[in-house]
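Before any comments, here is the structure.
The values are calculated or read from the model by the stated rules, or taken from the named source; none is laboratory data. Fair warning: this is a prediction, and the values are worked out from it, not measured in the lab. Here Cβ is always computed from backbone atoms with ideal geometry, including for glycine, and neighbour counts include all displayed protein chains.
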Amino acid sequence: MKRIFFAALLLASCSKSGPPDIRITDAWARETVSGQTSTAAYMVLTNTGDDDDRVVSVSAKAPAMAMLHSSDSSNAVSRMRPMESGLSIPAGAKIELKPGGTHVMVTGLRAPLNVGDTVKLTMRFEKSGDRPVDVRVTPAFGPERR
């Protein structure tokens, strides 16, 4: 009986022990100019939990829309593509959404975004549910060149 108990305890310790724990930090977007109806948002997604998760969608307050995009370059041509299958955030991983790579595309802006403004997004995760994100608007050259 003791052997069965210890075997069960050992098996339980080998399995994933908890849910994902998603942290969203350093969210920013560049300021826009009059007539510009889109921008990109960048951030860091960290999963400090014991289970994988996935971003399944992103939304913005209407009339704006938001979606995950990836960027790549081939033969001196850059392309953006929607990430319709979402974005995996493995347990223990830190994923940076950054210029020239994965980002959140925000379209349908009706007014310019000015430095100091906040864009409110909602990230929907497969396991962690909806998470609000306040994206701060930075100068056009981005926060990395302060």
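Some notes on this structure:
- Within the range 44-78, the set of residues being crowded, with 16+ Cβ neighbours inside 10 Å, charged (D, E, K, R) and part of a strand (DSSP E or B) comprises 53, 54.
- When every residue of the range 79-96 is checked against the conditions, at least one turns out to be closer than 17 Å to residue 143 by Cβ and either modelled with pLDDT under 95 or part of a strand (DSSP E or B) (or both).
- Sole exception among (1) touching a residue at least 24 places away in the same chain (Cβ under 8 Å); (2) closer than 30 Å to residue 35 by Cβ; (3) loosely packed, with under 15 Cβ neighbours inside 10 Å; (4) not small (Gly, Ala, Ser) for residue 132, by number: (1)
- All positions within the range 1-29 that are at pLDDT 95 or above and over 18 Å from residue 128 (Cα atoms): 26, 27, 28, 29
- Single match in 108, 129 (criterion: farther than 30 Å from residue 51 by Cβ and not hydrophobic (A, V, I, L, M, F, W, C)): 108
- Members of the range 97-138 that are assigned to a loop (DSSP other than H, G, I, E, B), among the polar types (S, T, N, Q) and under 13 Å from residue 29 (Cα atoms): 114
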